[in-house]
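What follows is a short report on a single structure.
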Amino acid sequence: MEHDFELETLAIRTGIHRSQFNEHSEALYLTSSFVFDSAAQAAARFCGEEPGNIYSRFTNPTVSAFQERLAALEGVETCVATASGMSAILSCVMGLLAGGDHIVASQSIFGSTVQLFGNILKRFGVDTTFVPATDLAAWRAAVRPNTRLFFLETPSNPLTEVCDIAAVAEIAHQAGAWLAVDNCFCTPVLQRPLDLGADIVIHSATKYLDGQGRVLGGAVLGSRQLMEGVYGFLRTAGPTLSAFNAWLILKGLETLAIRMEAHSRSALALARWLEQQPRVERVFYPGLPSHPQHGVAMAQQKSGGGIVSFEVRGGKEAAWRVVDGCRMLSITANLGDTKTTITHPATTTHGRITPEQRAAAGIGDGLLRVAVGLEAVADIQADLKRGLA
Ligand SMILES: *Cc1c(COP(=O)(O)O)cnc(C)c1O
């Protein structure tokens, strides 16, 4: 029945299992374990003969409700909720790969993901080749006989490069590998990677899914069969989503569709305005016709999303003037919040890489990233205008 509902409805009505009290709003089950009626039932639960909750590291009804709801939104069988976005990525690779396997990943992915793949997994014999997200020939050329996983993020952070999901999925499948997409920036409201051929979707629920900058959370989604290994790792190793966080994020999902549309609408208005500012050299936003992958973006995304980056003339000094001129915008690297945030990537999120690596990644000293929140666009513009004057 739920498959007849539109996404906006699924986000509100999926995963509701009322208790004996018939509560209207989803209950929060804060309990570490669950009680059995008898020794026989305990045995049946533990050996998997009887479905049901045992211990909240394995399953919890509030977490299950969140998993059901997010799975419905991504249009996929199974969701495994995790403690954070990073533990979602870790659970995905630990559940599906083994020492000796190889990953092909786009270069411009989240910094901690680069560290996880490039340094930590490497110690366990899993090698990663990083390729430019938009260069399909590079994806193809990076394939080795032991390649098991392709991994990408689109649009990328902070330059909003858009990677053609369907084209990369085809290359992955020809290589006998799975494609995992970190769908954090778009959420299923704007982009559904599995519909485009991806096998796995990853989320940092910390961002738009919660939507109010309150808690950490994450998720891995895919077919029941693929998620078996991921869940097996989670259940044993324990990077489980807390019930409290699941309950908050469940509430966040109810307004996800209207929030994403509003973030996108404001971001487009801000991007257009920034393009008119004489002190702005260049604006990066997938919803602008000037964006190099505007066509692919508009084919695979419903709209441009909430992240706008721009290069100001005058390098670091000029960029810092804009940041320090802000009275309302929050100077923080987080995104997906109702509150607009501003970051100077070259000295924060990308500050630890060498200037040469930054230049190769296209991250200039004058680059600023704005994660557009839900305040009035005029107020966001007024805040930025001070430093751009
Ligand atoms: C924030 C983020 C992550 C990591 O998520 P956490 O919840 O902070 O662990 C992964 N990918 C992207 C694109 C992100 O923005």
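The values are calculated or read from the model by the stated rules, or taken from the named source; none is laboratory data. The structure presented is a predicted model; accordingly, all values stated were derived computationally and were not measured. For neighbour counting, all protein chains shown are included, and Cβ atoms are generated from backbone atoms with ideal geometry for every residue, glycine included. Surface areas here come from the heavy atoms of the whole protein model, side chains and all, with no ligands, DNA or RNA. Shrake-Rupley method; radii C 1.70, N 1.55, O 1.52, S 1.80 Å.
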Note: among Arg279, Arg259, Arg265, just one is charged (D, E, K, R), over 14 Å from Ala83 (Cα atoms) and open to solvent by less than 30 Å² (accessible area, probe 1.4 Å), namely Arg259
What are the pairs, 6+ residues apart or on separate chains, where a residue within the stretch 82-96 that is within 17 Å of Gln67 (Cβ to Cβ) has its Cβ under 6 Å from a residue that is part of a helix (DSSP H, G or I) and more than 8 Å from the ligand (Cβ to nearest atom)? Thr82/Ser91; Ser91/Val230; Ser91/Phe233; Ser91/Leu234; Cys92/Val230; Gly95/Gly229; Gly95/Val230; Gly95/Phe233
If you go through the stretch 190-202 one residue at a time, how many are within 15 Å of the ligand (Cβ to nearest atom), more than 21 Å from Glu228 (Cβ to Cβ) and hydrophobic (A, V, I, L, M, F, W, C)? 1
Subset of the stretch 78-108 that is within 10 Å of the ligand (Cβ to nearest atom) and not hydroxyl-bearing (Ser, Thr, Tyr) - its residue that is farthest from Leu248 (Cα to Cα): Leu90
Test Ala180 against the criterion of being of a type in the set (Gly, Ala, Ser), within 15 Å of the ligand (Cβ to nearest atom) and under 16 Å from Met86 (Cα atoms), and give yes or no. yes
When the residues of the stretch 267-316 are narrowed to those that are touching an Asp or Glu at 6+ places or on another chain (Cβ under 6 Å) and without any contact (Cβ under 8 Å) to a residue 60 or more places away in the chain, which ends up nearest to Leu209 (Cα to Cα)? Val283
Considering only the stretch 268-362, give the strands (runs of 3 or more DSSP E) lying wholly within it that have at least 2 residues that are more than 16 Å from the ligand (Cβ to nearest atom). 280-284, 307-312
For residues that are surrounded by fewer than 17 Cβ atoms within 10 Å (Cβ to Cβ) and at pLDDT 90 or above, scanning just the stretch 340-373, find the one that is farthest from Ala205 (Cα to Cα). Thr347
Would the stretch 52-66 turn up any residue that is closer than 26 Å to Pro193 by Cα and within 16 Å of the ligand (Cβ to nearest atom)? yes
Collect the residues in the stretch 109-119 that are more than 10 Å from the ligand (Cβ to nearest atom) and small (Gly, Ala, Ser), keeping them in residue-number order. Gly118
With the structure loaded, tell me whether Phe110 is touching a Gly at 6+ places or on another chain (Cβ under 8 Å) and under 30 Å from Thr343 (Cα atoms) or whether it fails that test. yes
Of (1) within 20 Å of Thr128 (Cα to Cα); (2) touching a Phe, Trp or Tyr at 6+ places or on another chain (Cβ under 8 Å); (3) within 16 Å of the ligand (Cβ to nearest atom), Thr187 fails just (1)
